[in-house]
Amino acid sequence: MSGSTDSMFMEAIAAARAGNRVRAKSLLTKLLKTDSSVVDYWVWMSSVVESMREKIYCLESALNLDPTNRAVLRGLTLMGARAPNQAELAAAAKIPRRQIAAIATGASVGGGARLPRLPGLPWRIMAYALVAVVTLFAVGFIARAVLPLLGPRALSQAPTLAPPPAVVTSTPETPTATPTTIPATLRVQRTAIPTEFAQTPLAFFVAQTPTPTSIVGVTPHPAFEAYRSGLRALERGNFQDAVGFFNQVLDLDDSLPDVHFFKGEAQRFYAMSDEGEKDRGALLGSAIRAYDRAVLLDAEYAPPYLGRGHALLARAVIREGSDGLDGQDLPADFEKALQIDPTYRQAYVAQGEFYRRVGLWKSLEDTMQAALDVGLRDPVIYILLGEAQLNRREHEAALDSAIEGSGADPANLYGYFVLGRAFVRLEQYEQALPPLLTYVAYQGGDHRGWSDLGRTQLELDDLPGAAFSLNQALTINERYSPAFLGRGWLNLRLGDYRSGLNDFNKARQFGQETIELFLGLGQAYYLLGDLQEGLNQANTAIVHASEAEACKTGERDTSRAYALRANISEASDELTDYAIQNWEWILDLECPDPLIRLRAQEHLLILTGDIPAPSPTASRTSTPDRPTLTPTTTATATLSPTPAQTFTPSPTPTPAPTATTDSRAGYAQLYPRSFPNPHHPSVG
């Protein structure tokens, strides 16, 4: 261990012994992120975490690192996580009854017997573990009584952690070999973290943490002990202490640019903390002056440019509210930092975060790709790249990036969101569920996570869970269009067609027009019996079908629109031929929705007695650029029994390429998968 980590570890031990679990847990978390291969870190962590499952996880992690550690093995045995081997059973049989009582109670027996000190394990850990065994039964009983009162969130999709590793039945004579790196595609297949564990840092539940990034900009100053103390305070989050230490150095030598930079960093971090909220503006001003001084002393020193850019952005948000970034250009300081150091990881991430916040997805994608091009492989770069690709409808590339980023850093919470959203966009809902459940467990205030989770639950037929998640999203953001879209489809599934229509109209009011929206509107009107308007919306959906990803998205969406139009046409006796045409056009597509292709074959078999072979040269008239919502009346298209409700079907299977937004999440396939044709049950 280095001097700083050794000091931090001793501080963590002191906090644990003093009963300050929160402080000890915070310090041990930092130590594990620095080096998760130290057995003692895991052992002490097991003494300060709350639940039995967490304690077992920590001790199992220690055992994986040191399979011969008998103290850890005994701890796991006492917790019931492993069976004792024969040698341990034989040794236990020889322990006098009075000594067993002393170990179990911790009291003096026969002349002051005390808890034995197990080799390699502080005796207090065993005391904590033994007490936890008793108290957790009470905690478990209370949890069982209270959790049902927390509502659907606590009851729906009750996730569990993966079971502990296989029970160790004997101590191996030789250490196990170092495990090989797990492929990213396997590392992202994780069990969702339970909601009740959301107060425990995510890093405790994952098998590995990434190698930490050292502090950038450090210049050794052996003559100044205060400099090293300032860096340690900064690393631990003691920002006011750090400012004091750096001021001590500057009182002796004001010409050190890196000291001014780190002073600015400490002031900026303190300004953005809860403690510095009241004086945030003044603290940011002081930080900017410190960065200015560093730049003045060394114009080729990159870190202060980056720090100043962060501080200026933060001040803009304070002055202008949540819209402080609207209309802002990328800070010139960010670009200057990269000009000085083209491999400056933090500068790329800062640019990426800026572009993400203002929604410049092409710029975000280009910046993250540039970082990869210079050899940077940080997980956060892949995660940001994945989000950019999602919003640019590059869904498969986004999934690859999300897997790479989240697989390399399973403690990065935002990686779970991007990973889950990528699975949703590709309609791989079973894979999307665990990361989204984990994300909302920790980030319950993000309406986007709840909305995507609700859509996923709807596709997996968890209607109560979907209702809770979508309503949660709209409680957080009452104008979030994708949540209204999801709830619209949910209401159609529940048979509340009028509410579904209202939700689709809300989605249209607060968001952009997409093919999913028009399919939802068309389905709602169809189920309400308004065939005229249903056909109008189906035609509009075809116009909005994008050909940007012909076999991935465009033709799949087009096939759904044809299916809706075909079913509406079947509802009118005069339009059976037009229904047949639409079903045939689905079979002509190269990449329709597979289930809709099957539905088309079923309908054609019933309507015609035959399934025609796809025609690669099928003759189709072009689609009007702007189909009217109230088509002209023709003699053959009049619907009965209402003479006034007339329409002319548009033989327009070829969609006009029109860009759509990335809010499409595949809900169009709910029709016709889940909705029978109410007018023709025999073909539904």
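The values are calculated or read from the model by the stated rules, or taken from the named source; none is laboratory data. If you're wondering where the values come from, they're calculated on a predicted model, not measured in any experiment. Note: ideal-geometry Cβ built from the backbone for every residue, glycine included; neighbour counts use all protein chains shown.
Annotation: Asp333 fulfils all but one of (1) in contact (Cβ under 8 Å) with a residue 24 or more places away in the chain; (2) assigned to a loop (DSSP other than H, G, I, E, B); (3) assigned by TED's automatic domain parsing to the domain that holds Leu283; the unmet one is (2).
Of all the criteria given as (1) closer than 21 Å to Leu490 by Cβ; (2) surrounded by fewer than 22 Cβ atoms within 10 Å (Cβ to Cβ); (3) acidic (Asp, Glu); (4) more than 13 Å from the chain's Cα centre (by Cα), the one not satisfied by Glu459 is (2).
Count of the stretch 369-390 residues, restricted to those that are of a type outside the set (Gly, Ala, Ser), assigned to a helix (DSSP H, G or I) and under 19 Å from Leu413 (Cα atoms), is 10. Is there a residue being in a helix (DSSP H, G or I) and in contact with a Phe, Trp or Tyr (Cβ under 6 Å, 6 or more places away or on another chain) anywhere in the stretch 65-85? No, there is no match, as no residue in the stretch 65-85 is in a helix (DSSP H, G or I) and in contact with a Phe, Trp or Tyr (Cβ under 6 Å, 6 or more places away or on another chain).
Screening the candidates Asp279, Asp274 for the property of being more than 26 Å from Lys33 (Cβ to Cβ) and assigned by TED's automatic domain parsing to the domain that holds Arg308 yields one hit, Asp279. The residues on offer are Arg315, Arg289, and the sole one that is assigned to a helix (DSSP H, G or I), at pLDDT below 90 and under 28 Å from Asp341 (Cα atoms) is Arg315.
For the stretch 1-28, a tally of residues being buried (at least 20 other Cβ atoms within 10 Å of the Cβ) and either under 28 Å from the mean Cα position of the chain (by Cα) or assigned by TED's automatic domain parsing to the domain that holds Gly230 (or both) returns 4. The condition of being in contact with a Gly (Cβ under 9 Å, 6 or more places away or on another chain), charged (D, E, K, R) and at pLDDT below 95 holds for only one of Glu430, Glu396, Glu404, that being Glu404.
Of everything listed in (1) in a helix (DSSP H, G or I); (2) touching a residue at least 12 places away in the same chain (Cβ under 8 Å), the single unmet condition for Ser499 is (2). From the list Phe504, Phe468, Phe510, the one residue that fits, being under 23 Å from Ser559 (Cα atoms) and of a type in the set (Phe, Trp, Tyr), is Phe504.
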